């Protein structure tokens, strides 16, 4: 049984439902990360006793499931374009934007699939974008490939943001601080291609880097799709 199969509790005096529980948990996570989320803290924010939550959820993992599904509602737009590339591109960028608003989401993406209504709607939109263009196994692998890129890129970006906050160093500050060591290592001649990347490569911001990588992945997916008959 999933958390969505469990009947809603109607106990009083404080009315609770999955939507209110999820909203309170998301607010706590937005403020302090996943470590700030517990059944006790969610109950306190709702003005209820911790045992009241067990009428709706059985475990902390189920609470995380509710949270992930709630923010998935922010990913799916009201309308989607007709072209499969644009659909996958829009959903990828909206997933990134959602994860930047709720950084804790990066820690939960890529695990077991979310089976809530919003998560299923996002999955359906991704698969439907390619439906009819190839067999279902190819469609699933294509969507999985795009998803793997999106999740990896998001996790890296969020990790960098957290490192900046933890150290107080921006990317430029870190580069200046580590510059002497890196210059010394590159001067040994042992890393010629890395030296070329450091001295000659273009430094892209996170959004441009995400967009470029996504376009490359979509190009690769397109190359694998059957060509339309003449």
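The values are calculated or read from the model by the stated rules, or taken from the named source; none is laboratory data. Only a predicted model underlies this, so the values are computations on that prediction, with no experimental measurement involved. Here the Cβ positions follow ideal geometry from the backbone for every residue, glycine too, while neighbour counts run over all protein chains shown.
General observations
- Of the candidates 194, 186, 161, 182, the single residue that is in the same structural domain as residue 123 (by TED's automatic domain parsing) and within 18 Å of the chain's Cα centre (by Cα) is 161.
- When residue 226 is tested against (1) within 30 Å of residue 132 (Cα to Cα); (2) in a helix (DSSP H, G or I), only condition (2) is not met.
- Within segment 98-122, the residues that satisfy the criterion of being more than 18 Å from residue 34 (Cα to Cα) and in contact (Cβ under 8 Å) with a residue 12 or more places away in the chain are 115, 116, 117, 118, 119, 121, 122.
- Within segment 1-86, helices (runs of 4 or more DSSP H) holding 3 or more residues that are buried (at least 21 other Cβ atoms within 10 Å of the Cβ), modelled with pLDDT of 85 or more and within 19 Å of the chain's Cα centre (by Cα): 18-32, 60-72
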